[in-house]
Every structure is written in C-alpha cells, then in structure tokens.
Amino acid sequence: ARQRAEFERAERHQRTRAGMRPGSLRWNISELSHVYLRRYRLRDSALEMFFIPTAGCAFGGAGLCSSLSSLFVDFGPGYEGNVRRDNAANSIMKRAPAQTVKQWPERSGQFLHEQLRSLTMAWVKGRVTNFDYLMSLNVLAGRSYNDLCQYP
C-alpha cells in the first residue's frame with residue numbers, strides 16, 4: 001500500500017511537471033538577427049539562429065551571445081542530416097529580413113572570411129571592445145553555448 005501511494009504521488013508529480021512544459025515554442029522571423037551553420041557532436045548537421053527581441057538589446061551586443069535569445073537545431077546524423085540542415089537554412093534565410101546576417105551553405109567559407117575581416121577591422125579601429133571581439137570570434141569559429149562539444 002505504501003509503495004502504491006508513493007507511485008501515485010510520483011505519477012501526479014510527473015503529470016504536473018508535464019503540464020508546465022510548453023507544447024511548442026515560437027520565434028518571430030522578423031526578430032532574426034543571425035543564422036549560422038553549426039556542427040553538433042562533431043557533425044555538420046546543426047543550425048543556430050540568434051534573435052533580438054523587438055523591445056530588446058542593440059545589434060551586436062549581449063543579445064548576440066545570449067543563449068536565451070538563440071535557437072540551436074540538430075537535423076540528425078550523416079549526409080541526410082547535412083542536406084536537411086542546408087535545406088532548412090536556405091528556406092529560413094530566404095524569408096529572413098534583409099539585415100539578418102546569413103551564412104548561406106553555398107558560400108560558407110567566403111562568408112566567414114568576410115565576417116572575420118570586418119570584425120577585425122572594427123576591433124582595430126576601436127569600435128568593438130576586446131570582450132565583444134573575443135565573443136564574436138568564438139561565434140565565427142562555430143562555438144556555441146548550446147552544444148557542450150563546442151562550448152566557448
């Protein structure tokens with residue numbers, strides 16, 4: 001009887017916790033600020049998107065590196081995961097605002113080179129703090145707070 005009561009209490013607790021979880025989460029594509037191709041578990045199969053809430057922070061500030069304003073999605077292992085990721089990235093980027101920083105799958109290397117050059121020049125001219133420069137380097141290197149294998 002005692003085990004039964006403990007089991008029922010645990011079951012009620014699980015149902016209560018399950019009821020508190022969101023059924024789905026939504027992001028407004030107009031708030032999308034950056035889209036990056038990512039590696040997850042050492043595979044090219046993920047996508048990371050950063051959002052700046054409409055009432056929120058300035059471009060390139062804390063919002064860029066905050067895990068609260070980002071979404072990290074893995075599309076599965078193997079070649080199929082890579083293809084699904086690239087297809088999703090292309091679809092999202094086509095619908096994203098013009099000012100969104102986009103790492104298109106077809107031009108990934110060129111994109112990273114251009115972003116790094118631009119970032120370095122901004123840092124040299126004093127427009128970017130040392131901290132923001134290092135955080136941005138980590139982002140461009142593919143590191144993410146959302147994947148422990150790539151954590152900065």
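How about the stretch 111-152: which of its residues are of a type in the set (G, A, S) and assigned to a helix (DSSP H, G or I)?
Of everything in the stretch 111-152, those that are of a type in the set (G, A, S) and assigned to a helix (DSSP H, G or I) turn out to be S118, A122, S136.
I need every pair where a residue in the stretch 67-96 that is at negative phi and of a type in the set (G, A, S) has its Cβ under 6 Å from the Cβ of a residue that is surrounded by 14 or more Cβ atoms within 10 Å (Cβ to Cβ) and outside any strand (DSSP E or B), sequence separation at least 6 or different chains.
S67/Y145; S69/G63; G81/F75; A89/P105
Would you check if there is a residue in the stretch 107-124 being acidic (D, E) and either at pLDDT 95 or above or within 19 Å of R43 (Cβ to Cβ) (or both)?
The answer is no; no qualifying residue exists.
Being in a helix (DSSP H, G or I) and out of contact with any Asp or Glu (no Cβ under 7 Å at 6 or more places or on another chain) is the filter here; which residues of the stretch 101-110 pass it?
E106, R107, S108, G109, Q110 - these are the residues of the stretch 101-110 that are in a helix (DSSP H, G or I) and out of contact with any Asp or Glu (no Cβ under 7 Å at 6 or more places or on another chain).
Does R127 meet the test of being under 25 Å from P53 (Cα atoms), surrounded by fewer than 16 Cβ atoms within 10 Å (Cβ to Cβ) and free of Cβ contacts under 8 Å to residues at least 40 places away in the same chain?
Answer is yes for this residue.
The values are calculated or read from the model by the stated rules, or taken from the named source; none is laboratory data. Everything numeric here is computed off the predicted structure, so don't read it as measured data. A quick note on method: Cβ atoms are made from the backbone with ideal geometry, for glycine too, and the neighbour counts reach across all protein chains shown.
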